[in-house]
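Structure, as C-alpha cells:
A short reminder: the numbers here are calculations on the coordinates, not readings from a lab. Just so it is clear, the structure is predicted and the values come from calculations on it, not from any experiment. Here Cβ is always computed from backbone atoms with ideal geometry, including for glycine, and neighbour counts include all displayed protein chains.
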Amino acid sequence: MKKRKVAFLHVSFPDGGAERITMDIINYISSFNYESYIFTCNLESEKLPTESVNSFKPLLLPDSTNVDSVENADFIIYSLDKNEIDIFILPHYELVTLSYIRSRTHCKIVFAHHGVPLWEVENELSIMKRKSARNFPKKLEWHLLRYPKYKLLGKFEKKYLEKYRKIYDTVDAYTVLCDEYKKKLISKLGVQSENNKIRVIHNSERPVTEVNLNKKKQILFVGRMTYADKRIDRLLKIWELACSDLPDWELVLVGDGPERATLQQKAVEMELPRISFEGYSNKVGEYYSQATVLCLTSTFEGWGLCLTEAQAHGVIPFAFGCSAGVKEILSPSGVNGYIIPPFSIRKYARSLVALLNNPSRIKEMQMNVIQKSKKYSTEAVGLSWLCLFDSLFVSQK
C-alpha cells in the first residue's frame, strides 16, 4: 500500500511547544502508513530526542535568513512535487508566499492555529500600553484617547482579520484548539456555521509513566519570559502578597527571554524571599516532578501547554481565565486547577494560600489533574488528525 505523505513547516526545529506537538503527530501517524517531512530554516538535531531523529525527513530551506523568500517558496513547491507530498501543514506560521505556493501545487494545505484567534490585537495593545506608561502625559493620552480609539474603531482587528481571511480562503482546512475559538472565527470571518473549513483539534499531552506525588513545597513557573503575553511581573506581585503566609514555600521560575533580567532586578527591589530564576532548561520534567503547583499569569494564552504538562505530572495549575483554552483545561475550577478572574492579583494570592495550607485538598486535586490530562492524550489527539487527513483525501476524489 502506498504511503501517505505529510509535510510540516517550522522556521526553526525543534524550538518550542508547536514543534513538540508536530513531533507528537508525526510519531502517532507513523503507525498508520504515513511518512513525514519537515521544512525548516534551522534544524537543531541535538535537541531532538533519540527516538525522534529518524522519524521524519528534514527539508532545509535554502534561504535561512528569510522563511518568506520566493527562493524558499520555489523550493517548497519543488519538494512537494518531487516527494509527492499529499498534505502540507503550517503550524501557526502565516507564510507570506502561501498563495503563491497554493497556485503552483496540488497538495492539500492545512493551517494549524496554536493560539487565541486575533491574539495579535491584544499583543499590540499591550505593547503600546507599556510604552505609554513611561511618563504621565503619555499614560493619560493612552487611557483617554488612544486606547478608546483603537478599541472602538477596531483598527488592529481589521488589519489582522484581512490576514486571517486570506489564509482561510487559501487553505483546505484550518484547525483551532477549542470550540470557542471556532465559534469566534466563524463570527469574525462571517463564514457558514456549517460546512466550513474550521476543525477543532486540541494540543496533545504526553503521559508521564511514573508520577511523583511526594512533592516539595514549590510553586513553579515554566515558560518564555516575555512581557505582552506572559506578564510574569504579576506573579512577583502575587508572591509578594502570599509569601508571608507560606513561610516554608519557594517560588521557582524556569525559562528565559527578554524580560528575565528585568524580572530578576524587580525581585531584588521588592525584596522577595525564597525565589529563584533557573533559566532555560531542556529537562523541565525534573522541575514538574518536584513542584506542587504551577502558576501562569498570562494576559492571553491559546492553550498553555505548561498547564497540561503540569496536570500530567500531578502539579496543580493556577491561571487567570484569560481565554477559552485555559478555561477548558482547568475546568471545573477547584477540581482540575484554579481559574482566577482576570486579572485580580489579590484573589490569585488568596486562592494560592488557601490551597497550599490544605494538604488533604492538595492530595485530592493531584489525582484529579492527572486524570484530566489523559483527555488530551497523544492517541486521542492523533486520531483527530487522522480523521482530518482522511476527510481531505476523500475530498480529493
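Rg/Rh for the chain to two decimals, with Rh computed the Kirkwood way over all alpha-carbon pairs. Kindly include the intermediate steps, with their values, before the conclusion.
Working: Rg = 22.1 Å, Rh = 22.6 Å.
For the chain, the value is 0.98.
Could you state the angle between the C-alpha long axis of helix 119-132 and the longest principal axis of the C-alpha atoms of the chain, as a value from 0 to 90 degrees rounded to the nearest 10?
So the helix axis and the longest Cα principal axis differ by about 50 degrees.
Per residue of the stretch 367-372, what does 6.51 cos²θ - 1.76 cosθ + 1.60 with θ = phi - 60° give for ³J(HN,Hα)? Whole Hz please, x for Gly and Pro, Karplus curve as stated.
5, 4, 5, 4, 5, 5
Taking a ≥ b ≥ c as the square roots of the eigenvalues of the Cα gyration tensor of the stretch 249-397, is the shape rounded (a/c under 1.5), prolate (a/b larger than b/c) or oblate?
Values: a/c = 2.05, a/b = 1.63, b/c = 1.26.
Prolate.
What FRET efficiency comes out for the pair residue 357/residue 226, r = Cβ-Cβ distance, R0 = 22 Å, nearest 0.05?
For residue 357 and residue 226, the calculated efficiency is 0.10.
Enumerate by residue number the GluC sites (Glu not before Pro) in the stretch 1-58 meeting two conditions: DSSP loop (anything except H, G, I, E, B), and at most 14 other Cβ atoms within 10 Å of the site's Cβ.
Sites meeting the loop and neighbour criteria: 44.
Can you compute 3J(HN,Hα) from phi for each residue in the stretch 100-111, using the Karplus curve 6.51 cos²θ - 1.76 cosθ + 1.60 with θ = phi - 60°, rounded to whole Hz and x for Gly and Pro?
4, 5, 4, 6, 10, 9, 10, 6, 6, 10, 10, 9
Between the helical axis of 233-242 and the dominant principal axis of the chain, each derived from Cα atoms, what acute angle in degrees is found, rounded to the nearest 10?
Once rounded, one gets 30 degrees.
Quick check: the angle from helix 345-356's long axis to the longest principal axis of the chain, C-alpha only, nearest 10 degrees?
Tilt relative to the chain: about 80 degrees.
Give the long-range amide H neighbours of residue 316: residues separated by 5 or more places, or on another chain, with amide H under 5 Å away, using H modelled in the peptide plane at 1.01 Å from N.
Residues meeting the criterion, in which the H sits 1.01 Å from N, are 293, 294.
How far, in nm, would the chain grow between residue 213 and residue 81 when pulled straight, counting 0.36 nm per residue and subtracting the alpha carbon separation?
42.4 nm
What length, rounded to one decimal in nm, is gained on full extension from residue 70 through to residue 106, with 0.36 nm per residue of separation minus their alpha-carbon distance?
Residue separation times 0.36 nm, minus the Cα-Cα distance, leaves 11.1 nm.
Could you size up the charge dipole of the stretch 218-376 around its Cα centre, putting +1 on the beta carbon of Lys and Arg and -1 on that of Asp and Glu, and report it in debye to the nearest 20?
I would put it at about 480 debye.
Can you tally the net charge around residue 377? Count Lys and Arg as +1, Asp and Glu as -1, for every other residue whose Cβ sits under 9 Å from the Cβ of residue 377.
Here the count lands on +1.
What FRET efficiency would be calculated for the residue pair residue 31, residue 261, taking the C-beta separation as r and a Förster radius of 45 Å, to the nearest 0.05?
The computed FRET efficiency comes out at 0.50.
So which of 5/183; 108/230; 57/283; 197/327; 183/237 end up more than 28 Å apart by C-alpha?
Among 5/183; 108/230; 57/283; 197/327; 183/237, the Cα-Cα distance tops 28 Å for 5/183; 108/230; 183/237.
Just to verify a number: FRET efficiency for residue 11 and residue 194, C-beta to C-beta distance, R0 = 41 Å, to 0.05?
0.75
So which trypsin sites (Lys or Arg not before Pro) in the stretch 48-105 end up in coil per DSSP with only 16 or fewer other C-beta atoms within 10 Å?
104
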